[in-house]
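Accompanying notes for the structure given below.
Laboratory data are not the source of any read-out in this text; all were calculated from the coordinates shown. These numbers come from a predicted model, not from an experiment. No Cβ is skipped: glycine too gets one built from the backbone with ideal geometry, and neighbour counts run over all protein chains shown.
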Amino acid sequence: MYTVQIKPLSVNECWKGRRFKTDAYKIYENAVLFMLPKKIEAFPPYSIKIEFGFSNSGADIDNPVKPFLDILQKRYGINDKDVYRLEILKTVVKKGSEFIKFKIE
């Protein structure tokens, strides 16, 4: 394991100015909120495993993480600061078979 001695930069520190949700993100957020289970039993500190099924093998594994975590926070009150373990998996699937699987412990 390698170590880089520097304070990690947050997404919020990477951009100037205010960011607004796109219409596509609003639609996505509402669709995911509708499909999520109503309740889950999990308590901080959280360990979250997420598997993204992409139809494009060139899709970046990290791009959907923050929006999905934000949606989990909105549905279940899970604050990102209480996530101590995050496992992200990428699976390539046929177009039309995309998915998100997750487990919160």
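At 0.36 nm per residue, and after removing the present C-alpha to C-alpha distance, how many nm does the segment from residue 1 to residue 14 gain when stretched out fully? Mind showing how you got there, number by number?
Details: separation 13, 0.36 × 13 = 4.68 nm, distance 2.58 nm.
Computed gain between residue 1 and residue 14 is 2.1 nm.
For residue 42, enumerate residues with amide H under 5 Å from its amide H, sequence gap 5+ or separate chain, H modeled in the peptide plane.
Under 5 Å from the amide H of residue 42 lies no amide H from a residue far enough along the sequence or on another chain.
Kindly provide the GluC sites (Glu not before Pro) of the stretch 1-52 that DSSP labels as loop, not H, G, I, E or B, and whose Cβ sees at most 10 other Cβ atoms within 10 Å.
On the way: sites: 13, 29, 41, 51; in loops: 41.
Those satisfying the criteria are 41.
Per Stokes-Einstein, at 10 °C and 1.306 mPa s, what whole-number D in µm² s⁻¹ belongs to the chain, with the Kirkwood radius over Cα pairs as the hydrodynamic radius? List each step's numbers first, then the result.
On the way: Rh = 15.6 Å.
Rounded to a whole number, D works out at 102 µm²/s.
For the pairs 16/38; 7/39; 16/81; 39/81, flag any whose C-alpha to C-alpha distance is greater than 32 Å. Working shown, then result.
Numbers: 16/38 35 Å; 7/39 35 Å; 16/81 22 Å; 39/81 20 Å.
16/38; 7/39, as the Cα separations exceed 32 Å there.
I want to check the label-to-label distance for residue 103 and residue 24. Put each point 7 Å from Cα in the C-beta direction and report it in nm to one decimal.
3.1
Among 37, 53, 14, whose Cα lies farthest out toward the positive end of the dipole of the stretch 8-58, if unit charges sit on the beta carbon of Lys, Arg (+1) and Asp, Glu (-1)?
14
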